[in-house]
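The values are calculated or read from the model by the stated rules, or taken from the named source; none is laboratory data. It should be emphasised that the depicted structure is a prediction, and the values quoted were computed from it without experimental measurement. Backbone-built Cβ (ideal geometry, glycine too); neighbour counts: all protein chains shown. All accessible areas refer to the heavy atoms of the entire protein, side chains included, with ligands and DNA or RNA removed. Shrake-Rupley method; radii C 1.70, N 1.55, O 1.52, S 1.80 Å.
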Amino acid sequence: MAMSRTKRARLVRAVQYAVLAGAVATFALLADWEQIRRAFFDLEVAKQQFPDIVTVALVNTVIYTLLGFVFGLALGLVLALMRLSSVPPYRWLSVVYIEFFRGIPALLVFVTLGFGVPLAFQVSLDLYFTVMLALGLVGAAYMAETIRAGIQAVPKGQTEAARSLGMSHGRAMVSIVIPQAFRIVLPPLTNELILLTKDSSLVYLLGLTLDQYELTKFGRAALNQERSLTPILIAGLLYLVITLPLGHLVRRLEARTAKAR
């Protein structure tokens, strides 16, 4: 007698659960739990990381990220307006910038600003200024496209209504269109903030002093000193302290936007 579709689906699901349970049981039986504990959950090593991993590394990670985000947002807005300009050279410049910085690794930008520019122009750039430029230049390329999409999503009737009230094109853009566009693109911009948080780990390439360490550099230095993965695990958890609330915020904003529609 042929098995019904429902019974076949239940059987397949039962087999999947059995495979998963077997894999978990095999791992639990074969794993060296004492070695895993020493490698990842060494409490003595964990205690030594505090409070510096929070007061120095976490704080610096937040500062580097915010510097890059604020600069990238301002530059991204300018690039988005250039992309929508009626003057072709502005559009061309914006497209070239966006395609260039979206196409190269952020690591290359850090190396260029951290070592290439000082060597080529015989100048010394402040670390925070370098980080702001490196993260902001790359982030602006992505944010420009996001903002441009947001501006284009604002109904044209809004601009026409503003112009009928006597507003100039520029004032209508600043007072009416851009505020509405930012409400639309707030979720993707928050995603960009999460990406910049992770990209801030590239700061380690610039050579940092102890008080300039961010989470990745702090964890790596502690790993070399303690020969334990516990500092890396703590650094990863502290990244989640930043990114998980932001991810939750994105979902709330997306839900609110969908509800408003």
Checklist entry - Can we say V111 is part of a helix (DSSP H, G or I) and farther than 27 Å from L137 by Cα? => result no
Checklist entry - of a type in the set (S, T, Y), in a helix (DSSP H, G or I), open to solvent by 50 Å² or more (accessible area, probe 1.4 Å) and within 21 Å of V174 (Cα to Cα) - does that describe any residue in region 47-66? => result no
Next on the checklist: Among the residues of region 1-32, what is the count of those that are open to solvent by 100 Å² or more (accessible area, probe 1.4 Å) and outside any helix (DSSP H, G or I)?
Outcome noted: 1
Checklist entry - Looking only at region 39-84, which residues are closer than 24 Å to L127 by Cα and among the aromatic types (F, W, Y)? => result Y64, F69, F71
Next on the checklist: I'm checking my understanding of the structure. Among residues of region 140-153 that are aliphatic (A, V, I, L, M) and open to solvent by 10 Å² or more (accessible area, probe 1.4 Å), which one is nearest to R256 (Cα to Cα)?
Outcome noted: A153
Next on the checklist: Could you tell me how many of the residues in region 114-126 are in a loop (DSSP other than H, G, I, E, B) and among the β-branched types (V, I, T)?
Outcome noted: 1
Checklist entry - Do we have any residue at all in region 122-139 that's under 23 Å from N191 (Cβ atoms), open to solvent by 60 Å² or more (accessible area, probe 1.4 Å) and among the acidic types (D, E)? => result no
Next on the checklist: Let me confirm something: among G157, G166, G116, which residue is open to solvent by 50 Å² or more (accessible area, probe 1.4 Å) and free of Cβ contacts under 8 Å to residues at least 40 places away in the same chain?
Outcome noted: G166
Checklist entry - How many residues does region 8-59 hold that are farther than 16 Å from T230 by Cα and among the polar types (S, T, N, Q)? => result 3
Item to check | When residues of region 190-212 are limited to those that are crowded, with 18+ Cβ neighbours inside 10 Å and among the small types (G, A, S), the one farthest from M132 (Cα to Cα) | outcome: S201
Item to check | Checking A255 against (1) open to solvent by less than 70 Å² (accessible area, probe 1.4 Å); (2) in contact (Cβ under 8 Å) with a residue 12 or more places away in the chain; (3) more than 29 Å from L125 (Cα to Cα), the condition it does not meet | outcome: (2)
Item to check | Criterion violated by L208 - all others in (1) at pLDDT below 85; (2) under 25 Å from the mean Cα position of the chain (by Cα); (3) farther than 30 Å from I234 by Cβ; (4) among the hydrophobic types (A, V, I, L, M, F, W, C) satisfied | outcome: (3)
Item to check | Among residues of region 33-43, those that are in contact with a helix residue (DSSP H, G or I) (Cβ under 6 Å, 6 or more places away or on another chain) and in a helix (DSSP H, G or I), counted | outcome: 1
Checklist entry - Applying the selection to region 79-105, what residues are surrounded by fewer than 20 Cβ atoms within 10 Å (Cβ to Cβ) and either touching a residue at least 60 places away in the same chain (Cβ under 8 Å) or not in a helix (DSSP H, G or I) (or both)? => result L81, L84, S85, S86, V87, I104, P105
Checklist entry - Counting only residues that are open to solvent by 40 Å² or more (accessible area, probe 1.4 Å) and either within 11 Å of P187 (Cα to Cα) or of a type outside the set (S, T, N, Q) (or both), how many does region 213-252 have? => result 17
Item to check | Residue satisfying all of: in region 169-186; open to solvent by less than 50 Å² (accessible area, probe 1.4 Å) and in contact (Cβ under 8 Å) with a residue 40 or more places away in the chain; nearest to K259 (Cα to Cα) among these | outcome: I178
